[in-house]
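The values are calculated or read from the model by the stated rules, or taken from the named source; none is laboratory data. As the structure is a computational prediction, the values presented were derived from the model and not from experiment. Virtual Cβ from ideal backbone geometry, glycine too; neighbours counted across all protein chains shown. Quick note on the areas: whole protein, heavy atoms, side chains included, nothing else; ligands and nucleic acids left out. Shrake-Rupley method; radii C 1.70, N 1.55, O 1.52, S 1.80 Å.
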Amino acid sequence: EAGVAQSPRYKIIEKRQSVAFWCNPISGHATLYWYQQILGQGPKLLIQFQNNGVVDDSQLPKDRFSAERLKGVDSTLKIQPAKLEDSAVYLCASSPSGQLDEKLFFGSGTQLSVL
Amino acid sequence: AQSVSQHNHHVILSEAASLELGCNYSYGGTVNLFWYVQYPGQHLQLLLKYFSGDPLVKGIKGFEAEFIKSKFSFNLRKPSVQWSDTAEYFCAVNSGTYKYIFGTGTRLKVLA
């Protein structure tokens, strides 16, 4: 089966610029997650969608980050304006239904460098 | 708030050595526990998980983990590591209240 697709693979921008990341989860997966992984740290959950509704965005810096999942399939994560501390790998993951014991299927991530 | 601790940040072993990676979590309620692995150049993937029943869980590639509720621990073990086990290993906890929290990871390097 096709995995979780993410693009772009790498992005370099200057601070105060905007950037967007795209994720296409595994077909049929209802739950979609965006994680931020800063170098030397574990993935930190930014937002979780169930179909096209937000389940948890408590750790999303809403003054600069936004995310949407139109039609309950693809999702985009946007940063505007970017700061130096946003340099990280942004991971998208999906799971079939969001049950607590489900494993997550991860994409390869987008590595963002903010200069 | 819930947290997950992985005390070993870097581990270097020779092939055939035994492996144990520590994982402790802070949440006192019912939890689901996971170990994920990221091989060089690949995406994160599940090694094994525990959600109920036998606290000794077996996963892929000869890995196993033991859930000890009284110690809030879920340590990962492998009796004999191979060069191909070189990777970064992440412990994760999902309690429902706190969604899928990951530890900081342990980088394992196995010398051939």
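Any lysines with Cα under 28 Å of the B:K61 Cα? List them, leaving off those in the same chain fewer than 8 positions away.
List returned: A:K44, A:K103, B:K49, B:K69, B:K71, B:K78, B:K99, B:K109.
State in Å² the accessible area per residue of chain A; use a 1.4 Å probe, count heavy atoms of protein chains only, and round to the nearest integer.
In whole numbers, chain A has 49 Å² accessible per residue.
Peptide B:74-83: average number of partner chain Cβ atoms within 10 Å per residue?
0
Run the numbers on the stretch A:54-94 and let me know its relative contact order in percent, using alpha-carbon pairs under 8 Å that are six or more apart. Write down the numbers at each step before the final one.
Numbers: 21 pairs, mean separation 11.3, N = 41.
Once divided by the residue count of the stretch A:54-94, the mean separation gives 28 percent.
With the dipole of the stretch B:1-102 worked out from charges on the C-beta (+1 for Lys and Arg, -1 for Asp and Glu) around the Cα centre, which of B:S14, B:V31, B:I68 lies farthest toward the positive end?
B:V31
Below 8 Å between Cα atoms, with a sequence gap of 6+, how large is the relative contact order for chain B in percent? Each step should come with its number before you reach the end.
Working: 276 pairs, mean separation 42.4, N = 112.
Result for chain B is 38 percent.
Name the residues of the stretch A:59-89 whose amide N is less than 19 Å from a point 7 angstrom out from the Cα of A:W22 along the C-beta direction?
It comes to A:66-80, nothing else.
Specify the residue with the greatest mean-square fluctuation among B:I12, B:I101, B:I60, computed from a Gaussian network of chain B linking alpha-carbon atoms under 10 Å apart.
It is B:I60.
Among B:S95, B:S80, B:S70, determine the one that fluctuates most according to a GNM of chain B built with springs between C-alpha atoms less than 10 Å apart.
Maximum among the listed residues: B:S70.
Mind telling me which of A:V89, A:V55, A:V73 comes out most flexible in a GNM of chain A, alpha-carbon contacts under 10 Å?
Of A:V89, A:V55, A:V73, the Gaussian network model singles out A:V55 as fluctuating most.
Which loop-located trypsin sites (Lys or Arg not before Pro) does the stretch A:1-106 contain, where loop means any DSSP state but H, G, I, E or B and the Cβ has at most 12 other Cβ atoms within 10 Å?
Sites meeting the loop and neighbour criteria: A:R9, A:R16, A:K62, A:K83.
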